[in-house]
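Handing you this structure, nothing more for now.
The values are calculated or read from the model by the stated rules, or taken from the named source; none is laboratory data. Computed from a predicted structure; not experimentally measured. Positions of Cβ are backbone-derived with ideal geometry, glycine not excepted, and every protein chain shown enters the neighbour counts. Each accessible area value is taken on the protein alone, full model and side chains, heavy atoms only, with ligands, DNA and RNA left out. Shrake-Rupley method; radii C 1.70, N 1.55, O 1.52, S 1.80 Å.
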Amino acid sequence: MAELENSKDLISVLWSGADILRSKMDANEYKDYLLGIVFYKYLSDSFLIKVYDLLYDEKPNSLKTALEAYKEALEDDENAEELKEQIQAECHYIIEPELTYTCFADAARNNTFHREQLQKAFNNIEQSDPLFADLFTDIDLYSNRLGTGDQKQSDTVASLIKEIDKADLLHSDSDVLGNAYEYLIGQFASETGKKAGEFYTPQAVSKILTKIAIAGQEIKKDLSVYDPCMGSGSLLYKCKKICKRTKLYQILWARTDDIYL
């Protein structure tokens, strides 16, 4: 649990979000909604920060400030397309101002949010680059489990958006999202009456396995690691932390090919 201290706020927010869905579906289902919406918030917030940085070469003091700057920049017909091309090159996706998480959160607080907006946002991300294909496939915003009819389903999703908006994903250390994911997967597995080990390798175990596997090779150049049972890739990521001369692109390759770190 020591590793999760920096993730506490996000975990608390996710758990409150789980309370919204707990009576509507089982844990193995609502984890997809929670983690999917969290990831979209991360993509949206990162996008606005990048846009502001491209415009002013500095970080904004708030996401709303970044959003307003983005809207203003798009009104400049001469430079709008160039800005979009820059953003696409940097982020591999484009989010229109009205589809940012910041806008969704405002709409949710004002009771004007409709689930179709989020579905459109998901579709746009998935279609923007092969990297994001089927990224949000597991999230059914039209499921009757969210409520009966459009309004109740939209209200449920709006409640999740408001709750998750309380989490600051951009001013935490880089492992917060991953640690929270592993923690919640363990909790969800327990709730559904299954052993958590069937879904992921607990962090303490994966740490020991990683240290044993690469003992004495921490500074070896071009180290390769094979994980025949790779699921989320957490063991490979732990190898990256321990190996002093392993680069991030090698991890991404490993997750694609299941062979090398």
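Spot the failing condition for SER44; the list is (1) touching a Phe, Trp or Tyr at 6+ places or on another chain (Cβ under 6 Å); (2) at pLDDT below 95, and only one is missed.
With (1) touching a Phe, Trp or Tyr at 6+ places or on another chain (Cβ under 6 Å); (2) at pLDDT below 95 applied to SER44, the lone miss is (2).
State all residues of the range 70-97 that are within 23 Å of PRO130 (Cβ to Cβ) and not in a helix (DSSP H, G or I); if no residue qualifies, say none.
HIS92, TYR93, ILE94, ILE95, GLU96
Shifting gears a bit: Look at the range 107-132 and say how many of its residues are part of a loop (DSSP other than H, G, I, E, B) and open to solvent by less than 60 Å² (accessible area, probe 1.4 Å).
Result for the range 107-132: 2.
Scan the range 18-34 residue by residue and report those that are touching a helix residue (DSSP H, G or I) at 6+ places or on another chain (Cβ under 8 Å) and open to solvent by 40 Å² or more (accessible area, probe 1.4 Å).
The first filter runs over the range 18-34 and keeps only residues touching a helix residue (DSSP H, G or I) at 6+ places or on another chain (Cβ under 8 Å), leaving 18, 20-22, 24-31, 33-34.
Selection gives ILE20, ARG22, LYS24, ASP26, ASN28, GLU29.
Checking the condition assigned to a helix (DSSP H, G or I), in contact with a helix residue (DSSP H, G or I) (Cβ under 7 Å, 6 or more places away or on another chain) and closer than 15 Å to PHE104 by Cα, which residue from LEU55, LEU43 passes?
On inspection, the qualifying residue turns out to be LEU43.
Determine if the range 98-106 includes at least one residue that is open to solvent by less than 10 Å² (accessible area, probe 1.4 Å) and part of a loop (DSSP other than H, G, I, E, B).
The answer is yes, given that some residue of the range 98-106 is open to solvent by less than 10 Å² (accessible area, probe 1.4 Å) and part of a loop (DSSP other than H, G, I, E, B).
List the pairs whose first member sits in the range 203-217 and is over 16 Å from GLY186 (Cα atoms), whose second member is among the basic types (Lys, Arg), and whose Cβ atoms are under 6 Å apart, counting only residues at least 6 apart or on separate chains?
Cβ pairs passing all conditions: THR210/LYS238.
Checking ILE219 against (1) hydrophobic (A, V, I, L, M, F, W, C); (2) modelled with pLDDT under 70; (3) open to solvent by 70 Å² or more (accessible area, probe 1.4 Å); (4) in a loop (DSSP other than H, G, I, E, B), which single condition isn't satisfied?
Going through the list (1) hydrophobic (A, V, I, L, M, F, W, C); (2) modelled with pLDDT under 70; (3) open to solvent by 70 Å² or more (accessible area, probe 1.4 Å); (4) in a loop (DSSP other than H, G, I, E, B), ILE219 breaks only (2).
Out of (1) in a loop (DSSP other than H, G, I, E, B); (2) within 30 Å of ASP32 (Cα to Cα); (3) at pLDDT 65 or above; (4) open to solvent by 70 Å² or more (accessible area, probe 1.4 Å), the odd one out for LYS194 is which?
(3)
Return a yes/no flag: does the range 35-47 have any residue that is crowded, with 16+ Cβ neighbours inside 10 Å, among the hydroxyl-bearing types (Ser, Thr, Tyr) and more than 15 Å from the chain's Cα centre (by Cα).
Looking for residues that are crowded, with 16+ Cβ neighbours inside 10 Å, among the hydroxyl-bearing types (Ser, Thr, Tyr) and more than 15 Å from the chain's Cα centre (by Cα), one finds none in the range 35-47, hence no.
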